[in-house]
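For reference, the structure discussed in these notes is given below.
The values are calculated or read from the model by the stated rules, or taken from the named source; none is laboratory data. Computed from a prediction, not measured in an experiment: that's the story for all the values here. Glycine gets a Cβ as well: all are built from the backbone with ideal geometry, and neighbour counts include every protein chain shown. Accessible surface areas use protein heavy atoms only, side chains included; no ligands, DNA or RNA. Shrake-Rupley method; radii C 1.70, N 1.55, O 1.52, S 1.80 Å.
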Amino acid sequence: MDLLSAELLKALDESYNLGGNASAIKAELLYTHKAQGRNVAHSPALAELPGQLSHLAEDADTVLDKVDYYRIRDHVKRTHEAADDDQVVDGRLVRRSILHARHAVGKCRRSLASSLSCRGRAAVDVEFFNRSIVSERIKSLMAQMQPLCAKISDFLKLELMDPRTTAANTTAAAAFSERVTTTTSTSLEAKLYGRYAEFYAAINEITGDRDGLAVLPVVGPGGIGKTTFTQHLFHDQRVKKHFHVRIWVHVSLRFDVLRLTKEIFNNMVASEVSWRRRWGNEREPHNLEQLQTLVERRLQSRRVLLFLFDMWLCDREYKWDKFLAPFRKTSAKGSTVIVTTRSEETADMVKSETNLLIRLGGLDSRPIWAFFLACALGDERAEHHKELLDLGREIVKKLKFSPLAAKTVGRLLKKDLTRRHWSRVLDSKEWEHADSVNDIMPALKLSYDCLPFHLQKCFTYCALFPDDYQYQDSELTHLWSALGVINCSGQDDRIQDIGLKYINGLVNNGIFQKVDGVKFSHKKGREVKHTYYVMHGLLHELARIVSSRECLSIDCSNPRFAYTPPSIRHLSIRTSCTSDTVGLDHYQNFKEEIRNLKEQISVANLHTVMFIGEYDERFSEAFKEILQDVKHVRVLRLFQTTLEFLPSKLIHLRYLRIQASKKTMNTVKIE
């Protein structure tokens, strides 16, 4: 509900004589804000109302945005379309908006001139601003919002009067005002809890004297600790001494031989400065045969340990054999591939005939208790908090012996080491929603419910990115600011500072893991520090669940459009240059799926459209009809060649990111 900023409501109140309506709406929205920031799954009567009100607020924000745009235009062109005859303009608001507008126009002019020059002069000023129509529209939206606000307000007041629901549903959100997983090989846990027998068996297996290539699967359900287990293998001193090359690659849902081989090749040449300098003048190899030849050359006489993390399903055994071909040709003995997977079928397919299979289940009672205490108490000693231990043991029983659940809930408990807070967590109704004996999603959802409302919104928008994504702080800050999550009004901090504060809040609550790595800078000709953030796959799955009515992410290689709710406001498309492996029929089917999607959602009301990945001309063409119809979009992340599909007038646009090619990225921020 932060969409209805105090400044704009005040300006509208003055401009359109809305009287007490704006103030009344602000008062009622306070109750709605509370409803959106808490778990309402146990209250069917309340569950749908915040969503309905949120969409009305978005519509109101669109109208307010339009008013602000025409006020700026009035100021620039010295016209009076958006001003009342007797209006006294809020000078502070306009001056600030003018500064933002001039800054944005200057940046856009430099960035987009070459891209848009072929389109001719756009008729951006044809539309006439009718104050009377806009005023009636705002009054209509307020009239629709007030009864919804009243219902939520009454419901919450009744809840507060019921001591039973107060005890069960009051969260510790006030206590929260103020490395878990994916593609990184960095060891995120300083200590390995339990697993000692499996760990030493794996060490002996991969460092033993043998011929040929061995494949060792590590199989277990999500959140069970496969990542931590293999990260400790990766960094073990005996392993470092035994293998000449160690490589870590994230596989994810789709087993793409070309992409994986390319990542392995990039990993191998990461330290070869001469090769990377030569890359500035030579095209990076994209052909699978060329890449495998280059990989094979670099593996000659070198013993390699390859970690394939989070492999789901390889639908063809020949794909697996094709992928392994360069590793089987190395003359060095003892090379090994370690595969982590949730699928028993995948583990059986990839494992060598005579080799070990590591099967991980839940931690035993002693190590899970020790790990839970380490997460919940940190440096505090357990004997100093004896009053919490009985509650802690009852909470651990609900964690399904899962390390991820123990870590996530432990972070939640660590924020407030009081018996009152730990009792609230233990008594939460969220535990009742477990679907199976191994379901840890309620534990993760509980931590989400206890986040402050602004961090909940930040978390839900992460569903727009792939599950193996490396999040950048500047990228997240621009996105959150453009979508209204970050509001600098009345604060001295800059947007960047607030964004970093929000990111640190997600780190402290166990949602993000900060990774301090390095990357090669073509500009500087050397490696530079590279900080990014990662998220566990199950937490990303939770983000998709809680945002399913407003966010939709599409993978072009495997689109799945069943029922798509019409309330979708944010759309992301993951693309990859797969022209060599995907047939024409797939593209035609995909275009048909996009047409069906357009019938299910309101494209004009989309606030976000993002392309993530490598440019593919045919896939981008499939989205032409969607891009032509965007009208109220706030965030656009596009390839340069797709700009021509956009309408000429996008007055609500706040964040534009253009990807010209794989190596060239240009980011423009519009406020």
Share of accessible surface on carbon and sulfur in segment 304-389, whole %, 1.4 Å probe and ligands ignored, is 46 percent
Cα gyration tensor of segment 357-433 diagonalised, 5x eigenvalues square-rooted, in angstrom largest first, produces semi-axes 21, 16, 10
For segment 404-520, dividing by residue count, accessible area per residue (probe 1.4 Å) in Å² works out to 37 Å²
Sorting 445, 351 on solvent-accessible surface, 1.4 Å probe, most exposed first, gives 351, 445
For segment 420-489 (alpha-carbon point model, no solvent) the Debye-based log₁₀ I(q)/I(0) at q = 0.27 Å⁻¹ works out to -1.19
Any lysines whose Cα falls less than 24 Å from that of residue 429, other than same-chain ones fewer than 8 residues away, would be 34, 151, 157, 397, 398, 400, 407, 414, 415, 445, 457
Ranked output for segments 56-65, 201-210 by mean other Cβ atoms within 10 Å, highest leading, reads 56-65, 201-210
On the accessible surface of segment 437-543, probed at 1.4 Å with all protein chains in place, carbon and sulfur together account for a percent value of 45 percent
Taking 628-634, 322-328 and ranking on average Cβ neighbours within 10 Å, highest first, one gets 628-634, 322-328
At 25 °C in a medium of viscosity 0.890 mPa s, segment 306-365 has a Stokes-Einstein diffusion coefficient, with Rh taken as the Kirkwood radius over alpha carbon pairs, in µm² per second, of 188 µm²/s
Filtered hits (lysines, Cα-Cα < 17 Å from residue 333, offset >= 8 within chain) -> 240, 241
